[in-house]
Amino acid sequence: MKVLVDQDRCQGHGRCYAIEPDLFEPVDDDGHSGFLPDGLSANDADLLARVAEVSANCPEQAITIDESESAQR
Ligand code: SF4
């Protein structure tokens, strides 16, 4: 699983890291967001649910979850 933050869509208002500060953080002075954990397990249902919740709350639909096989590597 890979979590992608589309920097072209992200407007930097920070809802994602307000909801899940352990998973997302601002990566620049404009508040654009980045995803923190590396090497996520696709089997971690709790983590997937947390990311999905944040993704659903991003007004710009900037956060996507890639669960494809190539994203497992
Ligand atoms: S909620 Fe979405 S648009 Fe806002 S900072 Fe996070 S990723 Fe960017």
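What follows draws every value from the coordinates through simple rules; no lab data is involved. For clarity, every value in this text was computed on a predicted model and none was experimentally measured. Quick reminder, even Gly has a Cβ in these numbers, built from the backbone with ideal geometry, and neighbours come from all protein chains shown.
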- A chain fully extended from residue 66 to residue 19 at 0.36 nm per residue, minus the present Cα-Cα distance, gains in nm 14.9 nm
- Message: With +1 assigned to the C-beta of every Lys and Arg and -1 to the C-beta of every Asp and Glu, and no other charges, what is the dipole magnitude of the chain about the Cα centre in debye, to the nearest 20?
- Response: 140 debye
- D (µm²/s, integer) via Stokes-Einstein for segment 2-72, Kirkwood Rh across alpha-carbon pairs, 37 °C, 0.692 mPa s: value 269 µm²/s
- Query: Tilt of helix 45-57 relative to the longest C-alpha principal axis of the chain, in degrees (0 to 90, nearest 10)?
  - Reply: 30 degrees
